[in-house]
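The values are calculated or read from the model by the stated rules, or taken from the named source; none is laboratory data. Just so it is clear, the model here is predicted, and its values are computed rather than measured. Reconstructed Cβ throughout: ideal geometry from the backbone, glycine too, with neighbour counts over all protein chains shown.
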Amino acid sequence: MMKLQEKRVIQPYYGASSSRACTYTLQVTPPICIIGIEHTVVEETASFEDKVTVLQAEASEVARNHKQGFMIKEEEYQSLQKWQFWNEADEFTPRYIYTFSPNTVELGITVTDTRAKAQIDISDCSDW
């Protein structure tokens, strides 16, 4: 952990008692994305902005690559579509903050509606 910290890399701490030891937030504000990282065990945070291009992926591509990054799978997206605060037209706007929490089992995902101040956990635990 110390060597990674020297390189300014924040990784999940797998020995932590919390499943949310390290969380990553993404908020799309075209043409940029605000990325936040919080490491609750060592109480460190970082954030930065970068230009992004939003790409829609086929379900088969998401299934094939979902462990290589922060992707919302079809089952998770279906849960999101049922949420009373979800508006598909706003999915890539500052309205929603997507939080990804890698842990020793899988990837937890929550979405926050900044207007309604409401949050939903869309993590698909069926394949954990």
### Task
Among the residues of the stretch 4-55, write down those that are in contact with a Pro (Cβ under 7 Å, 6 or more places away or on another chain), at pLDDT 85 or above and small (G, A, S).
none
### Query
What single numbered condition from (1) of a type outside the set (S, T, Y); (2) surrounded by 13 or more Cβ atoms within 10 Å (Cβ to Cβ); (3) over 26 Å from P31 (Cβ atoms); (4) modelled with pLDDT under 75 fails to hold for D121?
(4)
### Message
Can you list residue pairs whose Cβ atoms sit under 6 Å apart, with the first residue in the stretch 106-127 being in contact (Cβ under 8 Å) with a residue 24 or more places away in the chain and the second being small (G, A, S) and part of a strand (DSSP E or B)? Count only pairs 6 or more apart in sequence or on different chains.
### Response
G108/S101; S123/G108
